[in-house]
Every structure is written in C-alpha cells, then in structure tokens.
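The values are calculated or read from the model by the stated rules, or taken from the named source; none is laboratory data. Fair warning: this is a prediction, and the values are worked out from it, not measured in the lab. Here Cβ is always computed from backbone atoms with ideal geometry, including for glycine, and neighbour counts include all displayed protein chains. Calculation scope for accessible area: heavy atoms of the full protein, side chains included, ligands and nucleic acids excluded. Shrake-Rupley method; radii C 1.70, N 1.55, O 1.52, S 1.80 Å.
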Amino acid sequence: MLRSARHQQRAMDDFRAIQKLEVRHQRFCSLLVDIGIPHPTVDAICQLIQSGNGSPDDILVDAIKHASSDDTTLLARLRPIITDQRTPEHYQSALNLTLSIRKELKSQKKRSKFWKKLAQEDERHTSTITPSPSDISSIRQDLTPERQSALDALITR
C-alpha cells in the first residue's frame, strides 16, 4: 500500500511538472507570435522539435529575418541597432572601457608584485603561495599603422 501511494504521489508530481512545462511552452509560443513570427511558422518549429527530425534553427532565423523587415512587428526595432553606423560616442566608450580595464589590470599586477615581494622578504611567510609574474611584458600594445591612423582620426573627431 505504501509503495502504491508513493507511486501515485510521484505520478501526480510528474503530471504537475508536465502541466507547468506545457504552460511555459504556450507562453513562449505566444511571445514568438507577439514579436512578429507568423503562427504557422511557430507551429512548424514546434512540430520539428517534437518529432526530432531536423533542426528548426534555419526556419527560426528566416522567420526572424522576415519579421525584422516588416515595419509592423516588434522585431523591426532591431534593424537600426544592427545596421546603423556606430557613432563616435560608441567608439570613445569602447576605448575608454578598454583603457580603464588595462589600467586596472596594471594596478592589480603592481599590488600582486608588492605583496609577493613583501611575503618573500619575511621568513614567516616562506610557505605562502604567491602569484607568479605574468608572461606579458607590458600592458601597452603597439598598434599597426592602419589602426593608429584610425585611432588618430577618431580622436580628432
């Protein structure tokens, strides 16, 4: 009797889990339709996933491309993000981010070197594991002439 009750409880738990997955599946399909993918395409993708015969990737990518070219869909908002030219602010932001990360890395290396040297000088810390020096000779990278001229042009803007 106890075994039967456990099996029944497990079956009910499995049934609830399946119901939750079904609700999530329906919500996801609704979202795909809401952003502009045609309902028949969503159905075709679901059938491919259920059958396991093929990959729905190509169908989904084609549907997204088509929906993004239709100005009435939400996916049409992606078009300017993907195709527009980047502004000088974008480039300056990327450069600033890169430079700040390099500065932070250099500072961290200095701190590591300081504490390693301090630990090696004190006899009490001979068994302490310290960071090893990096193989990178410096943080600064030499730019190719093309990249240097592009950077100079960007800075002059």
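Below is a table of values for the structure above.
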item	result
Search result, residues across segment 98-149 that are modelled with pLDDT under 85 and among the aliphatic types (A, V, I, L, M)	118, 119, 129, 136, 139, 143
Qualifying residue in segment 21-29 (condition: aromatic (Phe, Trp, Tyr), open to solvent by 100 Å² or more (accessible area, probe 1.4 Å), assigned to a helix (DSSP H, G or I) and modelled with pLDDT under 90)	yes
Qualifying residue in segment 73-88 (condition: under 30 Å from residue 142 (Cβ atoms) and in a helix (DSSP H, G or I))	yes
Complete set of residues in segment 88-97 that are open to solvent by less than 70 Å² (accessible area, probe 1.4 Å) and at pLDDT below 85	88
Residue within segment 57-72 that is within 30 Å of residue 151 (Cα to Cα) and modelled with pLDDT under 85 present	no
Breaking point among (1) of a type in the set (S, T, N, Q); (2) open to solvent by 100 Å² or more (accessible area, probe 1.4 Å); (3) more than 30 Å from residue 148 (Cβ to Cβ); (4) modelled with pLDDT of 85 or more, for residue 53	(4)
